1. Can you tell me the length gained on complete extension of the stretch GLN396 to THR378, counting 0.36 nm per residue apart and subtracting the Cα distance?
2. In this model, which of LYS218/LYS260; LYS260/LYS369; LYS121/LYS260; LYS217/LYS328; LYS250/LYS369; LYS126/LYS289 are farther than 21 Å apart at the alpha-carbon?
3. Convex hull over the Cα atoms of segment 296-418, averaged projected area in nm²?
4. Under a point spin-label approximation (7 Å from Cα along Cα-to-Cβ), what is the ASP163-VAL213 distance to one decimal in nm?
5. Per residue of segment 379-394, in order, report the coupling 6.51 cos²θ - 1.76 cosθ + 1.60 (Karplus, θ = phi - 60°) as ³J(HN,Hα) in whole Hz, putting x for Gly and Pro.
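What follows draws every value from the coordinates through simple rules; no lab data is involved. Just so you know, these numbers come straight off a predicted model, no measurement behind them. Here the Cβ is made from the backbone with ideal geometry for all residues, glycine too, and neighbour counts use every protein chain on show.
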Amino acid sequence: MTLVAWAEKAVVSATLASTNSRCEAGTKFQQRRQGVETHICGTPHFWCAPCTTRLQASNGNMTMNTAPPDTRNALRPSLPATTRRYLVQWIAAAALCCAVAGSVSATAPSPIIIQFSHVVKPDTAKGKAALRFKQLAESRTGGKVRVEVYPDSQLYKDREELDALRLGAVQMLATSLSKLAGLGGDDFLAFDLPFLFPDRAAYRAAVDGPLGVSLLKKLEPRGIKGLAFWDNGFKVFTANRPLQGVADFKGLKIRVQASKVLVAQMRALGSQESVSPLIDVRADLTSGKLDGQENTPTNIYTQGLHDVQSHLTVSNHGYLAYAVIVNKAFWEKLPAELRAILEGALRDATTFENSIAEADHHKALDRLKASGKLTLHTLTPHEAAQWRNAMAPVYQEARNWISAETLAALPVLPGAPP
Ligand code: LMR
């Protein structure tokens, strides 16, 4: 059958659809991504969008649903000649595209797609490392894997992205350790204990040893595989009033991540906690729904929170870090040789992330100072001691959630309250 004759058939089918009022004659054929289906069979599919008539291009051979011949002939005259000529030309052109797409798919199978979602801006250590992983994964697999990075809650907000990963709607995340408690990993709450780590090296010693391995393993019964730890850095507080003594927290509504330890921390300081997604924080501070928040300088600067807050206290009272996690079933079904390449790419992206996080942290703090929008205060040793005392009960409460085994595995650190 010639291309034009085939296009005639398509017009008849579209006409039939229009008489069934499911499609208007002249509707464009539209290519739509069909997610997993396209991805697995490697075959492009094309739809007439409103009526969902499907064309399938497979190895250059085109097939489509057509009406039975008698109905087709009866309907043929219903289209005006010019419209019909126009449609025939348009569909013939579309068919040519399909044939090309089909022949490409015959020689180049569709890549495996990894959707990598995160909630911070691309210009952060996590954002940059996600792109580094994409670049390494795609080049080292020779295009067999495509990594789609979705930053800044473009796909999902904080809690939603964890559900999306479990359901397989995305395949990879780099989520904060605080949020992992929601996935049955209550022991991750240990990383939110106030003033636990006196410096970055102490935090790294905790995650790089056997504790890190055993914590990631705890996610597996929930269908999640943990692959790496990425750094961000120490958190600070912002508000629209100075936060120096513990009494300054009284009556404030402060945003924290979804973590029982962080909620307990705010209550110990005399504030009311508000657990909300990062993407909503700026608007909530602007509207007055929130009075303050805690985060790292990089997140504060890149989210523009300094535009809507007047005071920042460099308290270094907690550490924000991430686990890179994948949907376990997806990861384990990958061909072994591709998985090994991806693990190598992730190792290198991890080294990159952990090598830039500290410099980015200081750069962001300098930028916050230089913005002139905030008054910065660094906790004095006396104020820090007062904060530690106020927060000490959090350690007691945390024993209800964190296993004794994990608490015992944490290094006994000079900075930690008893
Ligand atoms: C937050 O919600 O404040 C952080 O977890 C965001 C992030 O991923 O750094």
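1. The GLN396-THR378 span can extend by a further 3.8 nm.
2. Details: LYS218/LYS260 18 Å; LYS260/LYS369 31 Å; LYS121/LYS260 26 Å; LYS217/LYS328 11 Å; LYS250/LYS369 26 Å; LYS126/LYS289 28 Å.
Going by Cα-Cα distance, LYS260/LYS369; LYS121/LYS260; LYS250/LYS369; LYS126/LYS289 fall outside the 21 Å limit.
3. Directional mean of the projected Cα hull area for segment 296-418 stands at 11.3 nm².
4. With each label point 7 Å from Cα toward Cβ, the separation is 3.5 nm.
5. Calculated HN-Hα couplings, in order: 3, 7, x, 5, 5, 4, 5, 5, 4, 4, 4, 5, 8, 3, x, 4 Hz.
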